[in-house]
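Here's the structure, in structure tokens; my notes come after.
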Amino acid sequence: MGGSRTGRRRLRPRGRSPVVLLYHGFTDVPRTDDPENLYVTGHDFAAQLDHLLAAGWKPLDLDQYLQALDRPGAHGRSFLVTIDDGLGSVGEIAAPILEARGIPAVLFVPAGLAGATAEWLPEPADEPIMSPDDLRELAATTRIEIGGHGCRHVQMVDLTDGQLHQETTEVKETLTRMLGRPVRAFAYPFGDHDAASVRAVEEAGYEVGFSVHRDLGRFAISRVDVNARDNERTFRLKLIPWYRVWWRLLEYVPLVRRTANLLLTRRGGNARAPRG
């Protein structure tokens, strides 16, 4: 009975999937105009990467990450650095830190705002987004790959087919022309998505899509958000297996979520999902 091919399917252990880290902005000193806690100091960013390397974690580029999707566990304990929004501080602060350690990353940019400001953020106001020239130089001189992040950073839920085409296909075409190289990955602004937007990302020809806390297959993979209030303890907590699943489950238990939020805040972290 147990050996029958038509009987109960034998459970096979799957290898550990890479941890996908999510950052937004960077700063030299803690900012007082950052209510969403998006700006991680360069010191903390470097310390987090150094911890991963010292603990034997392997940094992945996008090619290696895509391979790991099909072969879980092939790279052991591994991580992919992703950065949303394309803010100017990425080139000024994050890129040199990543390059000094030989760590690749994927930077997601709202194509229609390149060279403008992060208009969706009331604070900090008028935060600059990297220009097309800055993005081309970054892609040519570092191990940072550019991905799509919508057109003008709007929520991609309940959009029409035409709007979804603009936010996915047209963004891919715009960035490909801008950079002179293929754009392969997409991240949903605010992390929000529905079945239609996930389908639009796939049909636009992206190879992978990233959300924040909610998984919906290869084109909406959740990530571990790292914010300005994370300390060494909370950063390590976020690396444990099932952290993303655990946090998703807390959405259905408000009292437990409030308690977890309080505990993380007392330890220097912030459990609220980023809005960048």
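Amide H contacts for Val20 (H built 1.01 Å from N in the peptide plane; partners 5 or more residues away or on another chain; cut-off under 5 Å): Leu80, Val224. The stretch between Asn231 and Arg152, if pulled fully straight at 0.36 nm per residue, gains 25.3 nm over its current Cα-Cα span. For the residues Ser17, Ser78, a 1.4 Å probe over the protein chains yields an accessible-area ranking, largest first, of Ser17, Ser78. Of the whole protein surface, Glu36 contributes about 50 Å² of accessible area at a 1.4 Å probe radius.
Can you put Lys172, Lys238 in order of accessible area, largest first, using a 1.4 Å probe?
Lys172, Lys238
Here Asp28 sits with roughly 130 square angstrom of accessible surface, probe radius 1.4 Å.
Just to make sure I understand: if all protein chains stay in place, what is the order of Glu127, Glu145 by accessible area at 1.4 Å, largest first? Kindly include the intermediate steps, with their values, before the conclusion.
Values: Glu127 25, Glu145 50 Å².
Highest to lowest solvent-accessible surface, that is Glu145, Glu127.
Stokes-Einstein diffusion of the range 54-107 at 25 °C, 0.890 mPa s viscosity, Kirkwood radius from Cα pairs, rounded to a whole number: 202 µm²/s.
Its alpha carbons considered, the range 168-227 gives a radius of gyration followed by a Dmax of 11.6, 32 Å.
Electrostatic tally near Val157: other residues with Cβ closer than 12 Å to its Cβ, Lys and Arg +1, Asp and Glu -1, net -3.
Near Gln166, once Lys and Arg are set to +1 and Asp and Glu to -1 for all other residues with Cβ below 12 Å from its Cβ, the sum equals -2.
Rolling a 1.4 Å probe over the protein chains gives His51 an accessible area of about 50 Å².
The values are calculated or read from the model by the stated rules, or taken from the named source; none is laboratory data. If you're wondering where the values come from, they're calculated on a predicted model, not measured in any experiment. Please note: Cβ atoms are built from the backbone with ideal geometry, for glycine as well, and neighbour counts cover all protein chains shown. Note: areas computed on protein heavy atoms with side chains; ligands, DNA, RNA excluded. Shrake-Rupley method; radii C 1.70, N 1.55, O 1.52, S 1.80 Å.
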